[in-house]
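Data first, discussion second: the structure below is written as structure tokens.
The values are calculated or read from the model by the stated rules, or taken from the named source; none is laboratory data. Not measured: the values here are computed from a predicted model. Every residue, glycine among them, receives a Cβ derived from its backbone with ideal geometry; neighbour counts consider all protein chains shown.
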Amino acid sequence: MSYNGSVRSPRFYLYAYLIKSNICFEIFNIVSYTKLVIFIVFTWHVLELVQNLWKGIIMKQFHISLYFMLIIAMSTSLHAAFIYESATLGATGSTNGGTSVNSSQFLGGRFQVTSTVTTTAIGGHFRGSGTFFGAIVELTSLTDFPDSLTLNSSDVLGSSVFNVFDPSQEVSVNLSVTLDSGFYAVIFGSGLFGASGNGNIIANGTQIGDPNFFFRNGTSSFSQGGFSNARFFVTGEEGEAAVPEPASYFLLLVALIGGSLVSVRR
């Protein structure tokens, strides 16, 4: 097969697809930065192989592709898992019902971790308009409440703001906080941290275990219970993963060295 320089390579079509579909940003929301870099390096070399085959040059470098596939397999431990999940996801698309979430009423769920973890995202099944906030708060026990009604005390470890929609859907927002062994709560509301929406948490899931819910209604105090079957979740990774660990740097270094060796051999 002869190669015509005017023919666009497979890499060109990949770039066009990535830009058009915005898939790079979706990948970044799913995996860690290190794994994204490894994925890009791996894809680059696979496309180089395809392009050379496209040109009719039979290469003896298939092991390079397998090599990077091995690296990706080794990094699968970076996938986030549920740290806390209060209920299964019920039917989405609800247009009414649920427990109110607004600037007066916050809803929360307590959970416990037994080893150091780093959260990656928080979320739940919501319906509404505008934006809600989600925050992670450190507690002293599974009966404790946040130290401040306006969540401006030092026990609030982190927060994020996200959009909610009508009809309902499950929403997730990135939030990275390192949690040592202990007790915590994830809490959702509006009127703080720049959130200004109004809506509901949809209570149509099946509870997992015995969720430990609480709420703030008005500005007087937090109260125990008050709702059920609401889906809250926190995802994360074991260890202090907010800063890439040495093993991740090692995988990245190996990937870069592998790319350099391919260039030198040509």
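Couple of notes before you dig in:
- Region 92-114, residues that are at pLDDT 95 or above and either farther than 17 Å from Gly197 by Cβ or not polar (S, T, N, Q) (or both): Thr92, Gly93, Val101, Phe106, Leu107, Gly108, Gly109, Arg110, Phe111, Gln112, Val113, Thr114
- Whichever residue in region 164-192 is of a type in the set (Ser, Thr, Tyr) and in a strand (DSSP E or B) and, among such residues, is surrounded by the most Cβ atoms within 10 Å (Cβ to Cβ): Tyr184
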